[in-house]
Each structure stands twice: as structure tokens, then as C-alpha cells.
Amino acid sequence: MRNSFNIIKIDDPEEKEEIVSEVLLDLPEWFGLPESIKRYIEDSRQLPLWVARNDKETIGFIVLSESSKETGELYCMGIKKAYHRMGIGKQLYIALEQYAKSRYKYLQVKTVDEGHYKEYDQTVAFYKNLGFSKLEVFPTLCDEWNPCLIMIKAL
């Protein structure tokens, strides 16, 4: 059944690499820069990662990093396009947040600010629905075409 999936924390670095690579390659609208994809794949090998699977098919993942001793960061998240808007991202986030609550006071996420790309407007709305608030926009942190929005949430 397409709507049935499990969320599992993955510890094996090679498996993490395969998961992140497979999902990000399905999302060129969000992850279109090869050097960024490579960095996400490499970094995710050593970070806490949860995967959503449907009958052993990888359909999405979420990765947690640490910004400071008090703040965790939703480092990277991806759900294959065929599975968008099915609640999978929310369930992955809930697993990450449960883990993060025992370690951090806050969570943050960096994304592209609203008003530039339809896909990122959807991403910002998703984070707002999870309880994140806009903290600050850095117009040129990434580059001038992708103003970096930092969103935060108290745990």
C-alpha cells in the first residue's frame, strides 16, 4: 500500500549515503547543485538520520546536525516527489524532534526565503506548519539568488 511507511533511525554510514543520494537525485528542483548534493551526502554519513520506507523502498529521510550546544539543526530533509503531501515529512520531523528534545533547547532550519521559488515557498509553509518561526534572512549568505532564511523552534 502506497500510504504505508515506517520511520527507522539508521546508523550505518554507507546506508545513510545511499539513502541521501537516492532521494536527493529525485529532487532537482530543491537540490540541483552537484557540489551541494555531494556535501549533504558526505556530511550525512556521520549525523543522526531517519529514513521513511515503504516495503523496503526508500521514500524520504531527515538529518540532524548541531549548530551549538543548545541548538540542533534540521540539516537536510527530502521526500521523493511521488510521496509529497502524504504526511511523511511530518512523521520524519516528529522522529527527529523527539530525539532532539533530550539534547537541545532549540531547533533551526535554513532554507531559501519566500517569494523567490514556488518550491521553497512550499518548504517554508511546511516548516511554519511544524511550528517554526522566521528568525532572520541573510540576503547573500548562499548567493544573491537564494536569500537564506533561518527559522527556529523552541523545544
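GNM on the chain, alpha-carbon springs under 10 angstrom: the most fluctuating residue among G78, G87, G60 is G87.
Solvent-accessible surface of the chain, averaged per residue with a 1.4 angstrom probe and all protein chains in place: 56 square angstrom. Per-atom-type breakdown for the stretch 1-94 gives carbon and sulfur 48% of the accessible area (1.4 Å probe, protein chains only). Holding the Cα-Cα limit at 26 Å, pick out from K38/K118; K16/K134; K38/K153; K16/K81; K38/K101 the pairs that are longer than that. Those over the limit are K16/K134; K38/K153; K38/K101.
F132 contributes about 10 Å² of solvent-accessible surface, heavy atoms of the protein only, 1.4 Å probe.
Each of I79, S21, S44 was scored by the projection of its Cα onto the charge dipole of the stretch 15-87, and the greatest displacement toward the positive side belongs to I79; charges sit on the C-beta of Lys, Arg, Asp and Glu. When I41, I94 are compared by accessible area of protein heavy atoms, the largest-first order is I94, I41, using a 1.4 Å probe. Comparing D43, D113, D55 in a Gaussian network model of the chain (Cα springs below 10 Å), the most mobile by mean-square fluctuation is D55.
Largest accessible area first, the residues W30, W50 order themselves as W30, W50 under a 1.4 Å probe with ligands, DNA and RNA left out.
Which label marks the calculated value of volume of the Cα convex hull per residue in Å³, given the options (1) 122; (2) 107; (3) 146? Matching the structure shown: (2). In the chain, helices alone account for a calculated mean residue ellipticity at 222 nm of -10000 deg cm²/dmol, with every DSSP H run of four or more residues adding -39,500 (n - 2.57). Computed about its Cα centre, the charge dipole of the chain is approximately 700 debye, with only Lys, Arg, Asp and Glu carrying charge at their Cβ. Here I8 and K69 are evaluated by their C-beta separation; at R0 = 30 Å the FRET efficiency comes out at 0.65.
When the surface is traced with a 1.4 Å probe over the full set of protein chains, T123 keeps roughly 30 Å² accessible.
Length gained on full extension, K128 to E18, computed as 0.36 nm times the residue gap minus the Cα-Cα distance: 36.7 nm.
Given the chain, what percent of its DSSP beta bridges are antiparallel, to the nearest 5? That works out to approximately 90 percent antiparallel.
The values are calculated or read from the model by the stated rules, or taken from the named source; none is laboratory data. Keep in mind the model is a prediction, meaning the values are calculated, not measured. For neighbour counting, all protein chains shown are included, and Cβ atoms are generated from backbone atoms with ideal geometry for every residue, glycine included. The area values use the complete protein model at the heavy-atom level, side chains included, leaving out ligands, DNA and RNA. Shrake-Rupley method; radii C 1.70, N 1.55, O 1.52, S 1.80 Å.
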